[in-house]
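The values are calculated or read from the model by the stated rules, or taken from the named source; none is laboratory data. This is a predicted model, so every value here is computed, not measured. Positions of Cβ are generated from backbone atoms using ideal geometry, with glycine treated the same way; all protein chains shown enter the neighbour counts.
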Amino acid sequence: MERINFIFGIHNHQPLGNFGWVFEDAYNNAYKPFMEILEEFPSMKMAAHFSGPLLEWLNENKPDYIDLLKRLVRKGQLEIVVAGFYEPVLAAIPKEDRLLQIRMLKDFAKKLGYEARGVWLTERVWQPELVKSLREAGIDYVVVDDYHFMSAGLSKEELYWPYYTEDGGEVVAVFPIDEKLRYLIPFRPVDKTIEYLEGLRSEDPSKVAVFHDDGEKFGVWPGTHEWVYKRGWLREFFDKITSDEKINLMTYSEYLSKFTPKGLVYLPIASYFEMSEWSLPAKQAKLFVEFVEQLKEEGKFERYRVFVRGGI
(Lines give C-alpha, C1' and ligand atoms only; values in the text may rest on other atoms or scores of the structure.)
Protein backbone atom coordinates (compact mmCIF):
# COMPACT_ATOMS: atom_id res chain seq x y z
CA MET A 1 0.00 0.00 0.00
CA GLU A 2 1.22 3.49 -0.82
CA ARG A 3 2.03 5.46 2.32
CA ILE A 4 3.89 8.56 3.45
CA ASN A 5 6.03 8.78 6.56
CA PHE A 6 5.35 11.91 8.60
CA ILE A 7 7.58 13.53 11.23
CA PHE A 8 5.82 16.15 13.37
CA GLY A 9 7.87 18.50 15.55
CA ILE A 10 7.61 21.77 17.48
CA HIS A 11 10.08 24.33 18.80
CA ASN A 12 9.27 26.02 22.15
CA HIS A 13 11.33 29.01 23.26
CA GLN A 14 11.30 31.95 25.64
CA PRO A 15 14.42 34.13 25.80
CA LEU A 16 16.53 34.54 28.90
CA GLY A 17 15.28 37.46 30.99
CA ASN A 18 11.77 37.52 29.54
CA PHE A 19 9.02 38.65 31.95
CA GLY A 20 7.59 35.97 34.21
CA TRP A 21 4.07 36.73 33.04
CA VAL A 22 5.13 36.04 29.44
CA PHE A 23 6.40 32.58 30.42
CA GLU A 24 3.20 31.98 32.39
CA ASP A 25 0.96 33.13 29.54
CA ALA A 26 2.74 30.94 26.97
CA TYR A 27 2.64 27.99 29.36
CA ASN A 28 -1.10 28.25 30.00
CA ASN A 29 -2.07 29.03 26.43
CA ALA A 30 0.22 26.65 24.53
CA TYR A 31 2.85 24.52 26.25
CA LYS A 32 0.61 22.95 28.92
CA PRO A 33 -2.53 22.15 26.91
CA PHE A 34 -0.48 20.87 23.97
CA MET A 35 1.38 18.21 25.91
CA GLU A 36 -1.69 17.28 27.97
CA ILE A 37 -3.61 16.56 24.76
CA LEU A 38 -0.62 14.66 23.35
CA GLU A 39 -0.78 12.32 26.34
CA GLU A 40 -4.43 11.57 25.50
CA PHE A 41 -3.28 9.97 22.22
CA PRO A 42 -0.82 7.15 23.08
CA SER A 43 -0.19 6.32 19.41
CA MET A 44 0.82 9.91 18.60
CA LYS A 45 4.60 10.39 18.50
CA MET A 46 6.50 13.58 17.76
CA ALA A 47 9.67 15.62 18.33
CA ALA A 48 10.03 18.73 20.47
CA HIS A 49 12.73 21.25 21.21
CA PHE A 50 12.61 23.34 24.39
CA SER A 51 15.17 26.10 24.80
CA GLY A 52 17.35 26.20 27.91
CA PRO A 53 15.79 29.32 29.53
CA LEU A 54 12.32 27.85 29.07
CA LEU A 55 13.33 24.50 30.56
CA GLU A 56 14.93 26.26 33.54
CA TRP A 57 11.71 28.21 34.14
CA LEU A 58 9.57 25.07 33.79
CA ASN A 59 11.84 23.13 36.13
CA GLU A 60 11.60 25.84 38.78
CA ASN A 61 7.94 26.79 38.38
CA LYS A 62 6.11 23.83 36.81
CA PRO A 63 7.59 20.56 38.14
CA ASP A 64 4.41 18.67 37.20
CA TYR A 65 4.99 19.66 33.58
CA ILE A 66 8.56 18.33 33.72
CA ASP A 67 7.08 15.06 35.02
CA LEU A 68 4.66 15.08 32.08
CA LEU A 69 7.55 15.44 29.62
CA LYS A 70 9.36 12.56 31.33
CA ARG A 71 6.26 10.36 30.97
CA LEU A 72 5.91 11.19 27.29
CA VAL A 73 9.58 10.39 26.70
CA ARG A 74 9.25 7.13 28.63
CA LYS A 75 6.19 6.11 26.59
CA GLY A 76 8.01 6.75 23.33
CA GLN A 77 5.71 9.63 22.35
CA LEU A 78 8.32 12.40 22.57
CA GLU A 79 11.76 12.74 21.01
CA ILE A 80 13.79 15.61 22.48
CA VAL A 81 15.72 17.75 19.99
CA VAL A 82 18.39 20.11 21.35
CA ALA A 83 20.15 23.32 20.24
CA GLY A 84 22.40 25.88 21.87
CA PHE A 85 21.19 26.21 25.47
CA TYR A 86 20.48 29.96 25.28
CA GLU A 87 19.13 29.76 21.72
CA PRO A 88 22.10 31.34 19.93
CA VAL A 89 22.57 31.34 16.18
CA LEU A 90 25.23 28.63 16.29
CA ALA A 91 27.01 29.90 13.18
CA ALA A 92 27.55 33.28 14.89
CA ILE A 93 29.32 32.10 18.07
CA PRO A 94 32.75 30.52 18.68
CA LYS A 95 33.11 26.75 18.37
CA GLU A 96 33.88 26.31 22.08
CA ASP A 97 30.67 28.13 22.98
CA ARG A 98 28.66 26.04 20.52
CA LEU A 99 29.90 22.80 22.00
CA LEU A 100 29.30 23.89 25.59
CA GLN A 101 25.77 25.12 24.89
CA ILE A 102 24.74 22.01 22.96
CA ARG A 103 26.14 19.78 25.70
CA MET A 104 24.33 21.81 28.37
CA LEU A 105 20.99 21.20 26.67
CA LYS A 106 21.84 17.54 26.04
CA ASP A 107 22.46 17.19 29.79
CA PHE A 108 19.03 18.65 30.50
CA ALA A 109 17.49 16.25 27.96
CA LYS A 110 19.07 13.38 29.90
CA LYS A 111 17.20 14.58 32.99
CA LEU A 112 14.02 14.10 30.96
CA GLY A 113 15.15 10.58 30.14
CA TYR A 114 16.32 11.16 26.59
CA GLU A 115 19.74 10.91 24.94
CA ALA A 116 19.35 13.64 22.32
CA ARG A 117 21.00 13.10 18.93
CA GLY A 118 19.36 15.86 16.88
CA VAL A 119 19.62 19.65 16.66
CA TRP A 120 17.13 22.42 15.91
CA LEU A 121 19.00 25.40 14.45
CA THR A 122 17.99 28.81 15.79
CA GLU A 123 16.28 30.66 12.92
CA ARG A 124 17.38 27.65 10.85
CA VAL A 125 20.64 29.46 10.06
CA TRP A 126 22.93 26.94 8.39
CA GLN A 127 26.65 27.20 7.75
CA PRO A 128 28.63 24.23 6.38
CA GLU A 129 31.36 24.42 9.02
CA LEU A 130 28.77 23.63 11.70
CA VAL A 131 29.08 19.95 10.79
CA LYS A 132 32.31 19.44 12.73
CA SER A 133 30.91 21.08 15.86
CA LEU A 134 27.70 19.05 15.67
CA ARG A 135 29.56 15.78 15.34
CA GLU A 136 31.93 16.69 18.16
CA ALA A 137 28.87 17.34 20.34
CA GLY A 138 27.49 13.89 19.52
CA ILE A 139 24.81 15.04 17.08
CA ASP A 140 23.64 12.76 14.25
CA TYR A 141 21.06 14.92 12.50
CA VAL A 142 19.88 18.50 12.04
CA VAL A 143 16.61 20.00 10.77
CA VAL A 144 16.55 22.89 8.26
CA ASP A 145 14.16 24.32 5.66
CA ASP A 146 13.48 22.88 2.24
CA TYR A 147 14.62 26.29 0.92
CA HIS A 148 18.20 25.38 1.93
CA PHE A 149 18.07 22.30 -0.31
CA MET A 150 16.52 24.12 -3.24
CA SER A 151 19.29 26.72 -2.91
CA ALA A 152 21.71 23.82 -3.42
CA GLY A 153 19.97 22.86 -6.67
CA LEU A 154 17.53 20.15 -5.55
CA SER A 155 13.99 20.14 -6.91
CA LYS A 156 10.89 20.14 -4.71
CA GLU A 157 10.24 16.51 -5.65
CA GLU A 158 13.62 15.52 -4.18
CA LEU A 159 12.87 17.02 -0.77
CA TYR A 160 10.94 14.17 0.83
CA TRP A 161 14.04 12.40 2.07
CA PRO A 162 16.88 13.40 4.38
CA TYR A 163 20.39 13.69 2.98
CA TYR A 164 23.90 13.54 4.34
CA THR A 165 26.09 16.61 4.36
CA GLU A 166 29.74 16.72 5.28
CA ASP A 167 32.60 19.04 6.09
CA GLY A 168 36.19 17.89 6.44
CA GLY A 169 35.11 14.26 6.47
CA GLU A 170 32.56 14.70 9.28
CA VAL A 171 29.00 13.76 8.35
CA VAL A 172 25.50 14.54 9.67
CA ALA A 173 22.04 13.80 8.30
CA VAL A 174 19.89 16.78 7.32
CA PHE A 175 16.08 16.71 7.24
CA PRO A 176 14.18 19.26 5.09
CA ILE A 177 11.11 20.95 6.63
CA ASP A 178 8.19 21.16 4.21
CA GLU A 179 7.22 24.83 3.78
CA LYS A 180 3.69 23.95 2.65
CA LEU A 181 3.08 22.15 5.96
CA ARG A 182 4.35 25.20 7.88
CA TYR A 183 1.51 27.24 6.38
CA LEU A 184 -1.15 24.55 6.70
CA ILE A 185 -0.49 23.62 10.35
CA PRO A 186 -2.37 24.70 12.45
CA PHE A 187 -4.02 27.51 10.48
CA ARG A 188 -6.10 25.51 8.00
CA PRO A 189 -8.70 22.83 8.73
CA VAL A 190 -7.18 19.46 9.63
CA ASP A 191 -8.52 17.80 6.49
CA LYS A 192 -6.37 20.13 4.34
CA THR A 193 -3.22 18.75 5.98
CA ILE A 194 -4.46 15.17 5.68
CA GLU A 195 -5.27 15.74 2.00
CA TYR A 196 -1.81 17.19 1.37
CA LEU A 197 -0.01 14.33 3.14
CA GLU A 198 -2.08 11.65 1.40
CA GLY A 199 -1.17 13.30 -1.89
CA LEU A 200 2.49 12.56 -1.14
CA ARG A 201 1.98 8.80 -0.77
CA SER A 202 4.51 6.57 -2.49
CA GLU A 203 5.57 2.95 -2.92
CA ASP A 204 8.96 4.08 -1.62
CA PRO A 205 8.88 3.17 2.10
CA SER A 206 11.54 5.79 2.90
CA LYS A 207 9.68 8.87 1.62
CA VAL A 208 9.01 11.33 4.47
CA ALA A 209 7.33 14.70 4.99
CA VAL A 210 8.56 16.87 7.86
CA PHE A 211 6.78 19.57 9.83
CA HIS A 212 8.80 21.39 12.51
CA ASP A 213 7.89 24.90 13.55
CA ASP A 214 7.19 27.21 16.49
CA GLY A 215 5.16 25.71 19.32
CA GLU A 216 3.79 29.17 20.02
CA LYS A 217 1.71 28.82 16.85
CA PHE A 218 -0.37 26.41 18.93
CA GLY A 219 -1.89 28.87 21.38
CA VAL A 220 0.26 31.99 21.81
CA TRP A 221 -0.11 33.60 18.40
CA PRO A 222 -3.24 35.79 18.18
CA GLY A 223 -6.41 33.74 17.84
CA THR A 224 -4.66 30.38 17.93
CA HIS A 225 -5.63 29.31 21.46
CA GLU A 226 -9.32 29.56 20.55
CA TRP A 227 -8.78 27.69 17.26
CA VAL A 228 -6.33 25.03 18.42
CA TYR A 229 -7.87 24.13 21.78
CA LYS A 230 -11.35 25.55 22.36
CA ARG A 231 -12.50 24.68 18.84
CA GLY A 232 -10.65 21.37 18.94
CA TRP A 233 -8.13 21.63 16.11
CA LEU A 234 -5.33 19.79 17.95
CA ARG A 235 -7.49 16.90 19.18
CA GLU A 236 -8.93 16.48 15.69
CA PHE A 237 -5.44 16.58 14.19
CA PHE A 238 -4.04 13.96 16.55
CA ASP A 239 -7.13 11.77 16.11
CA LYS A 240 -7.09 11.83 12.31
CA ILE A 241 -3.32 11.62 11.86
CA THR A 242 -3.06 8.56 14.13
CA SER A 243 -6.00 6.72 12.56
CA ASP A 244 -5.05 7.26 8.89
CA GLU A 245 -3.44 4.08 7.55
CA LYS A 246 -1.93 6.01 4.65
CA ILE A 247 0.18 8.14 7.03
CA ASN A 248 2.95 6.55 9.09
CA LEU A 249 4.06 8.62 12.08
CA MET A 250 7.76 8.52 12.91
CA THR A 251 10.38 10.39 14.89
CA TYR A 252 13.70 11.49 13.40
CA SER A 253 15.67 8.84 15.25
CA GLU A 254 13.19 6.14 14.32
CA TYR A 255 13.50 7.12 10.66
CA LEU A 256 17.31 6.96 10.74
CA SER A 257 17.19 3.57 12.46
CA LYS A 258 15.17 2.17 9.54
CA PHE A 259 16.35 4.09 6.49
CA THR A 260 19.54 5.57 5.05
CA PRO A 261 19.58 9.20 3.86
CA LYS A 262 19.17 9.47 0.12
CA GLY A 263 22.56 10.89 -0.82
CA LEU A 264 25.09 13.63 -0.24
CA VAL A 265 24.28 17.32 -0.51
CA TYR A 266 26.32 20.45 0.17
CA LEU A 267 24.05 23.17 1.52
CA PRO A 268 25.00 26.85 1.14
CA ILE A 269 24.85 29.37 3.97
CA ALA A 270 21.11 29.92 4.37
CA SER A 271 18.08 30.47 6.58
CA TYR A 272 14.38 30.27 5.74
CA PHE A 273 13.15 32.46 2.90
CA GLU A 274 11.51 35.13 5.07
CA MET A 275 14.81 35.71 6.87
CA SER A 276 16.40 36.75 3.58
CA GLU A 277 14.20 39.86 3.86
CA TRP A 278 14.27 40.38 7.63
CA SER A 279 18.06 40.22 7.90
CA LEU A 280 18.57 43.13 5.48
CA PRO A 281 18.92 46.81 6.44
CA ALA A 282 15.64 48.70 6.04
CA LYS A 283 16.45 50.35 2.71
CA GLN A 284 17.60 47.10 1.09
CA ALA A 285 14.69 45.17 2.64
CA LYS A 286 12.28 47.59 0.98
CA LEU A 287 13.91 46.97 -2.41
CA PHE A 288 13.84 43.22 -1.80
CA VAL A 289 10.10 43.31 -1.08
CA GLU A 290 9.51 45.43 -4.21
CA PHE A 291 11.37 42.86 -6.29
CA VAL A 292 9.41 39.94 -4.81
CA GLU A 293 6.10 41.74 -5.38
CA GLN A 294 7.08 42.50 -8.97
CA LEU A 295 7.80 38.81 -9.61
CA LYS A 296 4.44 37.89 -8.08
CA GLU A 297 2.58 40.43 -10.23
CA GLU A 298 4.26 38.97 -13.31
CA GLY A 299 3.39 35.43 -12.23
CA LYS A 300 7.06 34.46 -12.07
CA PHE A 301 7.75 34.27 -8.33
CA GLU A 302 7.17 30.56 -7.71
CA ARG A 303 9.21 29.63 -10.78
CA TYR A 304 12.23 31.76 -9.86
CA ARG A 305 11.89 31.96 -6.07
CA VAL A 306 14.83 29.68 -5.35
CA PHE A 307 17.13 32.17 -7.10
CA VAL A 308 15.85 35.15 -5.09
CA ARG A 309 18.30 35.74 -2.27
CA GLY A 310 18.49 38.66 0.14
CA GLY A 311 20.46 38.60 3.39
CA ILE A 312 22.10 35.70 5.32
Of everything in region 116-152, what is touching a Phe, Trp or Tyr at 6+ places or on another chain (Cβ under 8 Å), surrounded by 18 or more Cβ atoms within 10 Å (Cβ to Cβ) and not in a helix (DSSP H, G or I)? Give them in sequence order. R117, G118, V119, Y141, V142, V143, V144, D145
Checking A270 against (1) surrounded by fewer than 19 Cβ atoms within 10 Å (Cβ to Cβ); (2) touching a strand residue (DSSP E or B) at 6+ places or on another chain (Cβ under 6 Å); (3) not acidic (D, E); (4) not assigned by TED's automatic domain parsing to the domain that holds V143, the condition it does not meet: (1)
Would you pick out the residues in region 96-119 that are in contact (Cβ under 8 Å) with a residue 40 or more places away in the chain and either polar (S, T, N, Q) or within 14 Å of G138 (Cα to Cα) (or both)? Q101, M104, L105, Y114, R117, G118
Which one is surrounded by the most Cβ atoms within 10 Å (Cβ to Cβ) among residues in region 175-206 that are in contact with a strand residue (DSSP E or B) (Cβ under 6 Å, 6 or more places away or on another chain), free of Cβ contacts under 8 Å to residues at least 60 places away in the same chain and not in a loop (DSSP other than H, G, I, E, B)? I177
Based on this model, can you work out whether D178 counts as within 14 Å of the chain's Cα centre (by Cα), modelled with pLDDT of 95 or more and either in the same structural domain as E123 (by TED's automatic domain parsing) or among the polar types (S, T, N, Q) (or both)? yes
Of those in region 120-138 that are touching a strand residue (DSSP E or B) at 6+ places or on another chain (Cβ under 6 Å) and touching a residue at least 40 places away in the same chain (Cβ under 8 Å), the residue farthest from F50 (Cα to Cα) is P128
Would you mention how many residues in region 217-256 are touching a residue at least 24 places away in the same chain (Cβ under 8 Å), under 25 Å from K32 (Cβ atoms) and either not β-branched (V, I, T) or not assigned by TED's automatic domain parsing to the domain that holds N28 (or both)? 16
Tell me the residue from N18, N29, N61 that is assigned by TED's automatic domain parsing to the domain that holds F175 and in contact with a Gly (Cβ under 6 Å, 6 or more places away or on another chain), please. N29
Check E277 against each of (1) modelled with pLDDT of 90 or more; (2) more than 28 Å from V171 (Cα to Cα) and name the one condition it does not meet. (1)
I'd like to know if region 207-217 contains one or more residues that are surrounded by fewer than 16 Cβ atoms within 10 Å (Cβ to Cβ) and of a type in the set (K, R). no
